[in-house]
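Q: Have a look at the structure that comes next, please.
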Amino acid sequence: MHQTHADRRTRLMAQMGEGIAVLATAPEVIRNADSHYPYRPDSHFFYLSGFTEPEAVLVLDAGSGRSILFCRAKHPDREVWDGFRYGPEGARERFGFDEAWPIDELDQRMPDILSGQKSLWWGVGRNPALDQRAHGWLEAVRQRYRTGEQPPAVYHDLFALVDEMRMVKDESERAILRRAGQISAEGHLAAMRATRPGMYEYQVEAEILHVFIRNGARYPSYESIVAGGGNACTLHYAANNARLNNGDLLLIDAGCELNGYAGDITRTFPVNGKFSAAQRDVYEIVLAAELAGIDKVRPGALWNEPGDAALRVLVQGMLDLKLLNGSVDGVIESGSFRQFYMHGIGHMIGLDVHDVGQRKLHGAWRAYQPGMCTTIEPGLYIRPADNVPEALHNIGIRIEDDVLVTDTGHEVYTEAVPKRIDEIEILMQGI
Ligand code: GLY
Ligand code: MN
Ligand code: MN
């Protein structure tokens with residue numbers, strides 16, 4: 001694993017060619033009083049280091065190929081309260097850095113590291129506190145002008161390079177993403193099996209979190225959406241405190257975070273295990289749109305193709321349901337479909353649930369490459385309105401899977417949780 005991180009650093013430095021790169025991990029954040037939010041390292045920092053302690057900075061010297069970590073010093077008293085710290089020496093050995101120093105020496109050592117370097121590779125505008133400190137380091141080098149020392153004169157956007165690397169998942173990332181997808185799918189399966197009319201949304205959420213934690217994924221990769229009936233029409237519904245009614249649908253959008261990597265699955269199913277005729281009509285449209293989108297994910301296809309294909313299916317469905325009038329092309333051109341489908345087809349997924357990477361370059365859609373990973377997640381959300389048949393009121397449906405681009409096509413690695421109507425009904429009725 002740590003060889004993987006070392007290899008990533010080597011690849012990054014080869015692209016830099018020369019100069020110094022600096023990345024800090026995320027700070028700890030207080031929730032209230034003496035309680036912190038669960039700590040999670042910065043994704044870029046973690047991608048290149050594998051190191052998960054707060055208060056750490058990674059420095060890469062592309063000219064010499066050396067990686068330097070600054071981290072918290074060992075502190076026996078604090079470790080009694082807060083747990084183990086590697087300390088610089090332990091971190092250097094365990095994670096394969098060339099040098100490691102206490103974080104308290106960062107300001108003292110950085111001017112020496114920067115002096116005489118041509119370029120600084122930096123996460124421009126990402127971390128104001130680090131920007132401020134860097135001003136101090138650069139100023140310290142400028143103050144040495146009598147000895148002829150100079151700070152870097154060229155500044156590059158470091159994250160543009162790292163974002164590109166993270167867009168294509170390497171073998172170790174693919175394995176973790178698959179496992180995160182599998183655990184997320186198991187959580188959804190448990191939810192489908194447990195759901196009954198009269199339960200509360202949070203009780204279903206508990207079933208999902210139980211599966212995540214039992215499998216070593218302590219936290220979800222985003223706040224779980226467990227939305228019964230009309231709550232599904234609120235895209236980021238997070239209250240999860242309503243009772244589930246017989247006859248309603250339940251939309252669940254939940255995924256675990258495993259070793260820093262996100263799962264992200266949505267399923268929608270009937271609270272009582274049996275789709276009504278109206279629910280079935282809408283569901284089949286969303287499912288057909290999802291399958292049409294997934295079908296377009298393959299090497300060489302452009303990033304807009306899945307979304308375009310899914311949209312055509314959704315719009316044809318809206319016309320069939322008499323939600324809208326006109327032609328598919330006319331509705332797409334006018335944008336009137338947004339009354340019922342107001343988000344995009346999906347996003348890259350990886351360390352961040354909405355992962356980094358540019359889908360367009362110089363205004364043109366890019367092509368999928370093996371190792372890229374995306375969600376496909378169309379939906380229809382039918383709020384009551386004058387132009388909406390009453391039988392469809394408050395039906396909100398989304399179906400979402402995580403899809404890896406392979407050498408020859410794609411791999412839907414979250415499909416262990418059923419999405420066909422007959423499969424869902426059989427599972428829920430325990431037949
Ligand atoms: N759960 C966040 C998303 O689907 O994008
Ligand atoms: Mn998603
Ligand atoms: Mn989602």
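The values are calculated or read from the model by the stated rules, or taken from the named source; none is laboratory data. Worth saying up front: this structure is predicted, and the values here are computed from it rather than measured. Every residue, glycine as well, gets a Cβ built from its backbone with ideal geometry; the counts of neighbours run over all protein chains shown. Heads up: the accessible areas ignore ligands, DNA and RNA and are worked out on the full protein's heavy atoms, side chains in. Shrake-Rupley method; radii C 1.70, N 1.55, O 1.52, S 1.80 Å.
Q: Counting just the residues of the stretch 208-226 that are open to solvent by less than 40 Å² (accessible area, probe 1.4 Å) and either away from ligand 2 (no atom under 16 Å from the Cβ) or in contact (Cβ under 8 Å) with a residue 60 or more places away in the chain (or both), which one comes out farthest from the chain's Cα centre (by Cα)?
A: Per the stated criteria, the residue is Val211.
Q: Moving on to the next point. If you check Arg94 against the conditions, is it open to solvent by 80 Å² or more (accessible area, probe 1.4 Å), in a loop (DSSP other than H, G, I, E, B) and either free of Cβ contacts under 8 Å to residues at least 40 places away in the same chain or under 17 Å from Phe51 (Cβ atoms) (or both)?
A: no
Q: Only residues in the stretch 338-354 that are over 17 Å from Glu223 (Cα atoms) and among the aromatic types (Phe, Trp, Tyr) count as the first member; pair them with residues that are modelled with pLDDT of 95 or more and within 11 Å of ligand 1 (Cβ to nearest atom), Cβ under 9 angstrom, at least 6 apart or cross-chain, and list the lot.
A: Phe340/Gly379; Tyr341/Gly379
Q: Could I ask something else about it? Testing Tyr237 on (1) within 16 Å of ligand 3 (Cβ to nearest atom); (2) touching a residue at least 40 places away in the same chain (Cβ under 8 Å), one condition comes back false. Which one is that?
A: Tallying (1) within 16 Å of ligand 3 (Cβ to nearest atom); (2) touching a residue at least 40 places away in the same chain (Cβ under 8 Å), Tyr237 fails exactly one: (2).
Q: So which residues in the stretch 304-351 are open to solvent by less than 20 Å² (accessible area, probe 1.4 Å) and either within 16 Å of ligand 1 (Cβ to nearest atom) or of a type in the set (Lys, Arg) (or both), if there are any at all?
A: Pro306, Gly307, Ala310, Tyr341, Gly346, Met348, Ile349, Gly350, Leu351
Q: Test each condition in (1) closer than 25 Å to Asn394 by Cα; (2) open to solvent by 30 Å² or more (accessible area, probe 1.4 Å); (3) out of contact with any helix residue (DSSP H, G or I) (no Cβ under 9 Å at 6 or more places or on another chain) for Lys360 and report the one that comes out false.
A: (1)
Q: Another question, if that's okay. Looking only at the stretch 184-198, decide whether some residue is surrounded by fewer than 17 Cβ atoms within 10 Å (Cβ to Cβ), over 20 Å from the mean Cα position of the chain (by Cα) and assigned to a helix (DSSP H, G or I).
A: Yes, the conditions are met somewhere in the stretch 184-198.
Q: If you don't mind, another one. Please specify each residue of the stretch 328-348 satisfying the condition of being at negative phi and either within 11 Å of ligand 2 (Cβ to nearest atom) or assigned to a strand (DSSP E or B) (or both).
A: His343, Gly344, Ile345, His347, Met348
Q: State which residue is nearest to Thr10 (Cα to Cα) when the search covers only the stretch 163-189 and only residues that are touching a strand residue (DSSP E or B) at 6+ places or on another chain (Cβ under 8 Å) and of a type in the set (A, V, I, L, M).
A: Checked the stretch 163-189; the qualifying residue nearest to Thr10 (Cα to Cα) is Met167.
Q: Separate question: Pairs under 7 Å by beta carbon, first residue under 12 Å from Ala21 (Cβ atoms) in the stretch 36-60, partner open to solvent by less than 20 Å² (accessible area, probe 1.4 Å) and assigned to a loop (DSSP other than H, G, I, E, B), six or more apart or different chains?
A: Every condition considered, the pairs that remain are Phe45/Thr25.
Q: In the stretch 190-207, how many residues are touching a residue at least 40 places away in the same chain (Cβ under 8 Å) and in contact with a strand residue (DSSP E or B) (Cβ under 9 Å, 6 or more places away or on another chain)?
A: 10
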